[in-house]
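Here the structure comes first, spelled out in structure tokens, and everything after it is commentary.
Rule-based calculations on the coordinates, nothing more; no lab input. Values in this document were obtained by computation on a predicted structure and should not be read as measured data. Heads up, the Cβs are rebuilt from the backbone with ideal geometry, glycines too, and the neighbour counts pull from every protein chain shown.
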Amino acid sequence: MGYRAVATVGAVAVLVTLVALGAAPAAAQTAGIRTVWGQPDLRGIWDFRTITPLERSDELGDQAFFTEEEAANLEQEVVDRNLRLLNRPAERTVASDQVDRRDDGTPGFYNNFWLDRGTRAVGTRRTSLIIDPPNGQIPALTASGQQRADARQAYRREHPADSWLDRGTSDRCLLGFNAGPPLNPGGYNQNLQIFQTPDHIVLLTEMVHTVRVVPLDGRPPLSDDIRQWSGDARGHWEGATLVVETSNFNDERRWRNATAGVTLVERFTRVDVDTLEYEYTVTDPETWTSPWTASIPLQRTDVPMYEYACHEGNHSMDGILAGQRAEDKAAAARP
């Protein structure tokens, strides 16, 4: 994982020439601030932590918003939980065949000490980040989407780590589990840095240091046979809102069971000097019965971005595969 305590600023070579453009003017104090070339100014480092879940829980039914008291209680529960876990006595991991294991066969990962989920609900007090459909939940899977999900789950149970190719993109340090695209709060390293020039926007996530360079010059998208882990993005302005349309995703990405034909439309709007509204819509008729949209307020932060230093072939992959080989050997030795 990327340790925020390590005081080493992350450097991405392709962005060196943009560093001077990476922070908004300190003198800007009002909403609607613009760059010297006239575009809405989105530059800076933006924190997308929130305890508001992506989907509304079933028990809330049609309740789209928490009351002020309910939101305050929810936030206090998180603070109390963090303190309780921090003060809990240390517990040594026991033998693998006695560990309470997750559905995919693994005993879990970091304890709460390593996580930084935040302690605040979104300012609107919505009960979910999903704003469409109105029930605040991801739409039902199509028949083919459900069949694909069942097949993948069955394969994963039987082949959790035959090779590195069986592991997810976050295990392989190809894509962060919260970095997307689209962004989704969770875990740690929940910062996004935006660089801006007249004809490009650069979106740098702290998680696995994913960099997306988004042209704004109207160039056509890549050929359909060129597929990328983060897709092929093209941007344009609609008034004060940056709209980024992304397609051509790698079919091995496996984000929420989506197909390679999924399309993503992201909208970035500067609400005020400290808030950037981030909204995205996902469309994949082969996976979900309808498109769905989520909205996340990003908060400006002065906390610097640090190097994540996660790369494919890192030492943790050796441990994952070696552990699976040990379990295979133990299983074969049982009578």
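Label zone (residue 35, point 7 Å along Cα-to-C-beta; backbone nitrogen cut-off 18 Å) within the stretch 227-244: 233-244. The residue list 306, 282, 316 was ranked by how far each Cα lies along the charge dipole of the stretch 272-323 toward its positive end, using unit charges on Cβ atoms, and 316 comes out on top. Rg and Dmax of the stretch 117-260, based on Cα coordinates, read 17.3, 51 Å. Summing Lys and Arg as +1 and Asp and Glu as -1 over all other residues whose Cβ lies under 9 Å from the Cβ of residue 258 gives a net charge of +1.
Neighbours of residue 225 by Cβ distance under 12 Å: Lys/Arg scored +1, Asp/Glu scored -1, total -2. Pick out, from 237, 250, 265, the residue whose Cα sits farthest towards the positive end of the charge dipole of the stretch 217-266, with +1 on the Cβ of Lys and Arg and -1 on the Cβ of Asp and Glu. It is 250, whose Cα lies furthest towards the positive end. Distance between the pseudo-spin-label points of residue 312 and residue 197 (7 Å out from Cα toward the beta carbon): 2.7 nm.
Are there GluC sites (Glu not before Pro) in the stretch 253-335 that DSSP marks as loop and that have at most 12 other Cβ atoms within 10 Å, and which are they?
Hits after loop and neighbour filter: 312.
Evaluating kT/(6 pi eta Rh) at 10 °C and 1.306 mPa s, with the Kirkwood radius of the stretch 208-293 over Cα pairs in the Stokes-Einstein relation, gives 113 µm² s⁻¹. Taking label positions 7 Å along the Cα-Cβ direction at both residue 290 and residue 277, the computed distance is 2.1 nm, reported to one decimal.
Could you calculate the FRET efficiency of residue 267 with residue 329 from 1/(1 + (r/R0)^6), where r is the beta carbon distance between them and R0 is 35 Å, rounded to 0.05?
Numbers: r = 51 Å, r/R0 = 1.47.
My answer for the efficiency is 0.10.
A crude spin-label estimate for the pair residue 217 and residue 149, with each label 7 Å from Cα along the Cβ direction, gives 4.2 nm. R0 = 25 Å: FRET efficiency of residue 241 with residue 58, Cβ-based, nearest 0.05? Computed FRET efficiency for residue 241 and residue 58: 0.15.
The simple Förster model, with R0 at 56 Å and r as the Cβ-Cβ distance, assigns residue 226 and residue 75 a FRET efficiency of 0.80.
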